[in-house]
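Participant: Before we start, here is the structure in question, set down as structure tokens.
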Amino acid sequence: MKKVAIISDIHANIEAMTAVLEDIRQHNVDYIYCLGDVIGYGPNPVECLEKAFEVCNFILLGNHEEAVLTGAFGFNPTAKEAVDWTRGKLKPRLFSFSKAKERWETLKNLPLSYSEDDFLFVHGSPRDPTMEYILKSDTDDLFGDVPEKIREIFEQIDKACFVGHTHTPGIITEDSKWYSPQDFDNVWELKNGERVICNIGSVGQPRDKDNRSCYVTFTSREIFYHRVPYEFRKTQDKIRKIPQLDNRNADRLEFGH
């Protein structure tokens, strides 16, 4: 039975990425899948992309990659500034080295989704792979029913769908219940006939009030959540030295929100 590590939302945080990849090495995984947003917000987009291209079996297009390629539509000013700065770092110029041009071409050809057996992998949601969020609040219904959004998403899932995008780890079941990793001691057993949405959390910018990087490993039977501390102050210092990156991108790394 193969073992896969799934990472997402690295957000140009090379310190977090390095710590997570070191942790992954301890777990003897067979493959590494990346659900996108390798770039954005953080100070090391080139380094993170190069490392992702090197170690990941596939990388999906996230909304930040899409924004760098086509424009930051619907982004808040802080995120848009980071996208514009990131584009300046990545988009090749007339006399750029061939490596920069190859990197840009690879970025342009990232897939929107990946399917394997009964498992689906997207950045945001099966309905809108780059932009739609699946939030904990989406699981709530005034009358206790399964909300239409959740029902429609599950119609596109055979067994499990792995997503990132919200930076908040958790499992959503078909009856629209949300479970945080601590609710099940970080190990979710995939039962026969059960369908789930698994948000794997964020490597480079967690937002669940835990500043440690988050990723999952999974087999066809179980999903394991992992938390990894990293040198976030080093990342903060680098962000604060770049005028085009808002200091809030640095501040939030300390508090995980």
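Participant: Taking region 1-21 as the search range and keeping residues that are β-branched (Val, Ile, Thr) and touching a Phe, Trp or Tyr at 6+ places or on another chain (Cβ under 6 Å), which one is surrounded by the fewest Cβ atoms within 10 Å (Cβ to Cβ)?
Facilitator: Ranking the qualifying residues of region 1-21, first place goes to 4.
Participant: Kindly indicate whether any position in region 72-88 is open to solvent by 20 Å² or more (accessible area, probe 1.4 Å), more than 18 Å from residue 132 (Cβ to Cβ) and aliphatic (A, V, I, L, M).
Facilitator: Among the residues of region 72-88, not one is open to solvent by 20 Å² or more (accessible area, probe 1.4 Å), more than 18 Å from residue 132 (Cβ to Cβ) and aliphatic (A, V, I, L, M), which makes the answer no.
Participant: Considering only residues that are of a type in the set (Gly, Ala, Ser) and surrounded by 20 or more Cβ atoms within 10 Å (Cβ to Cβ), look in region 116-138 and name the one that is nearest to residue 166 (Cα to Cα).
Facilitator: Per the criteria, the residue is 124.
Participant: Sticking with this structure for a sec: Residue 68 - would you say it is among the aliphatic types (A, V, I, L, M) and surrounded by fewer than 21 Cβ atoms within 10 Å (Cβ to Cβ)?
Facilitator: Criteria not met by residue 68.
Participant: Select from region 90-99 the residues that are modelled with pLDDT under 85 and open to solvent by 80 Å² or more (accessible area, probe 1.4 Å) and list them in ascending order.
Facilitator: 93, 94, 95, 97
Participant: Can you tell me which residue among 47, 102 is open to solvent by 80 Å² or more (accessible area, probe 1.4 Å), without any contact (Cβ under 8 Å) to a residue 60 or more places away in the chain, part of a helix (DSSP H, G or I) and touching a helix residue (DSSP H, G or I) at 6+ places or on another chain (Cβ under 9 Å)?
Facilitator: It is 47.
Participant: Another question, if that's okay. Can you find, within region 105-115, the residue that is least open to solvent (accessible area, probe 1.4 Å) among those that are in a helix (DSSP H, G or I) and either free of Cβ contacts under 8 Å to residues at least 40 places away in the same chain or not hydroxyl-bearing (Ser, Thr, Tyr) (or both)?
Facilitator: Among those residues, the one meeting the criterion is 107.
Participant: Quick check on my filter: what residues within region 49-68 are within 11 Å of residue 9 (Cα to Cα) and of a type in the set (Gly, Ala, Ser)?
Facilitator: 62, the sole residue that qualifies.
Participant: Of all residues in region 133-177, how many are among the aromatic types (Phe, Trp, Tyr), touching an Asp or Glu at 6+ places or on another chain (Cβ under 8 Å) and more than 18 Å from residue 198 (Cβ to Cβ)?
Facilitator: Residues that pass the stated criteria total 0.
Participant: Looking only at region 103-121, which residues are within 18 Å of residue 216 (Cα to Cα) and of a type in the set (Asp, Glu)?
Facilitator: 116, 118
Participant: Right, here's the next one. Do you know which residues across region 22-41 are within 14 Å of the chain's Cα centre (by Cα) and either open to solvent by less than 10 Å² (accessible area, probe 1.4 Å) or over 19 Å from residue 111 (Cα atoms) (or both)?
Facilitator: Result: 33, 34, 35, 36, 37, 38, 39, 40, 41.
Participant: Scanning for something over 19 Å from the mean Cα position of the chain (by Cα) and free of Cβ contacts under 8 Å to residues at least 60 places away in the same chain, does region 121-132 turn up at least one residue?
Facilitator: Scanning region 121-132 turns up no residue that is over 19 Å from the mean Cα position of the chain (by Cα) and free of Cβ contacts under 8 Å to residues at least 60 places away in the same chain.
The values are calculated or read from the model by the stated rules, or taken from the named source; none is laboratory data. What you are looking at is a predicted structure, and each value in this text was computed from that prediction instead of being measured. Here the Cβ is made from the backbone with ideal geometry for all residues, glycine too, and neighbour counts use every protein chain on show. Side chains included, ligands, DNA and RNA excluded: accessible areas come from the protein's heavy atoms. Shrake-Rupley method; radii C 1.70, N 1.55, O 1.52, S 1.80 Å.
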